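Here the structure is laid out as structure tokens; the discussion comes afterwards.
The values are calculated or read from the model by the stated rules, or taken from the named source; none is laboratory data. Everything numeric in this text was worked out from a predicted model, so none of it was measured. Cβ: placed from backbone, ideal geometry, glycine included. Neighbour counts: every protein chain shown. Note: areas computed on protein heavy atoms with side chains; ligands, DNA, RNA excluded. Shrake-Rupley method; radii C 1.70, N 1.55, O 1.52, S 1.80 Å.
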Amino acid sequence: MGRPKRRRMGQNFLVDREVAERIVGALAEEPPRVLEIGPGRGALTEVLLERFERVLALELDENLVPQLQQRFGGRGFEIRHGDALREDLDQLAASESPWQVAANLPYSVGTAILRRLMPRHDLFTRLVLMLQREVARRVAASPGGSGHGLLALERAAWGEARVLFDVPSRAFRPIPKVVSSVLVVDLRPPAFDPGAIAAGLAIAAHALTKPRKMLSNAVAPLCDAAAIAGAGLDPAQRPGTVDLEGWIGLASQS
């Protein structure tokens with residue numbers, strides 16, 4: 001059944017208007033439609049509606065839905081009760097696509113929601129997301145940099161990312177024990193075939209479980225020395241230094 005519903009809600013509500021304004025300011029002018037995931041008590045929703053005429057909110061907590069509807073209804077706002085991990089994204093967004101996405105994501109499921117959104121460049125253009133700081137940095141990491149791993153490679157397949165700013169725990173109620181960061185991801189069609197991406201990521205996932213090993217040892221037994229040479233990679237480099245194109249090249253030689 002997955003995580004218990006209450007844990008998936010991860011209800012640390014944003015209460016700092018300045019943070020909400022900075023998140024909304026990071027959205028582009030176009031498209032003029034925003035999908036908000038997890039509006040909570042509406043701190044971000046209020047600022048979104050000051051800038052955009054169309055805001056569609058997806059809220060897991062059924063107790064918050066009528067409150068949000070009463071507060072914001074009739075202002076270009078639509079609220080739906082649903083789970084971002086299970087909602088049919090085509091049914092939710094395809095009829096008016098593309099959208100931008102703004103969200104204060106629960107810490108426990110933020111990565112899983114991000115992974116659902118990233119391949120959907122057909123539905124979404126820009127994601128402005130609040131995540132746990134360590135997760136945001138891993139998403140935006142570059143090859144060879146701190147935290148560069150599978151999540152950064154997945155992101156590289158579908159878009160460009162940057163961390164905008166950190167958000168202190170005092171900006172939330174209840175106050176969490178971690179620091180958050182706001183991440184921007186600009187989605188685009190992939191430069192590689194989805195099958196090639198999947199094959200490259202599969203080898204990367206295997207190798208990155210042994211990050212301190214040399215590449216030749218980390219990829220064994222999936223790839224041999226000839227495959228590494230054929231991909232133009234150094235057998236002595238560490239797995240975290242290989243970019244997405246390198247993993248895809250290695251998969252094509254294996």
Legend entry - Using θ = phi - 60° and Karplus 6.51 cos²θ - 1.76 cosθ + 1.60, couplings along segment 54-64 (whole Hz; Gly, Pro as x): 10, 10, 10, 10, 10, 10, 6, 7, 5, 6, 8
Inset, instruction - Compute the longest continuous run of the chain that contains no exposed GluC sites (Glu not before Pro); treat a site as exposed when its DSSP state is not H, G, I, E or B and it has at most 15 other Cβ atoms within 10 Å. - result: 63-254
Legend entry - Share, in percent, of DSSP beta bridges within the chain that are antiparallel, nearest 5: 45
Legend entry - Candidate residues Ser180, Ser108: accessible-area rank, largest first, probe 1.4 Å: Ser108, Ser180
Inset, instruction - Give the longest segment of the chain that steers clear of trypsin sites (Lys or Arg not before Pro) in DSSP loops with at most 15 neighbouring Cβ atoms within 10 Å, not counting the sites themselves. - result: 87-176
Inset, instruction - At 0.36 nm per residue, minus the direct Cα-Cα distance, what do Leu150 and Asp122 gain on full extension? Give it in nm, one decimal, please. - result: 7.8 nm
Legend entry - Length-normalised contact order for segment 83-213 - Cα pairs under 8 Å, 6+ apart - percent: 24
Legend entry - Volume of the Cα convex hull of segment 50-120, divided per residue and given in Å³: 105
Inset, instruction - Please work out the average accessible area per residue across segment 19-102, using the 1.4 Å probe convention, and give it in Å². - result: 45
Legend entry - Alpha-carbon centroids, segment 67-85 and segment 165-233: separation in whole Å: 34
Legend entry - Alpha-carbon Rg with Dmax, taken over the chain, Å: 19.7, 64
Inset, instruction - Determine the sum of side-chain charges near Arg75: Lys and Arg each +1, Asp and Glu each -1, restricted to other residues whose C-beta is under 15 angstrom from that of Arg75. - result: -1
Inset, instruction - Would you mind getting the Kirkwood hydrodynamic radius of segment 105-158 from its Cα pairs, rounded to one decimal in Å? - result: 11.5
Inset, instruction - Output the relative contact order of the chain, whole-number percent, from Cα pairs under 8 angstrom with separation of 6+ residues. - result: 16
Inset, instruction - Return a whole-number percent for the relative contact order of segment 46-135, with Cα pairs under 8 Å and 6 or more residues apart as the contact set. - result: 25
Inset, instruction - Using a cut-off of 15 Å between beta-carbons, work out the net charge of the residues near Ile197 (Lys and Arg +1, Asp and Glu -1, Ile197 not included). - result: 0
Legend entry - Exposure ranking of His81, His206, His148 by accessible area [1.4 Å probe, largest first]: His81, His206, His148
Inset, instruction - Name the long-range amide H neighbours of Leu60: under 5 Å, sequence gap of 5 or more, or other chain; modelled H, no Pro or chain starts. - result: Gly38, Gly82
Inset, instruction - Might you tell me the accessible area per residue for segment 132-254, computed with a 1.4 Å probe and given in Å²? - result: 48
Legend entry - Overall form of segment 120-211 per C-alpha gyration tensor (a/c, 1.5; a/b vs b/c): oblate
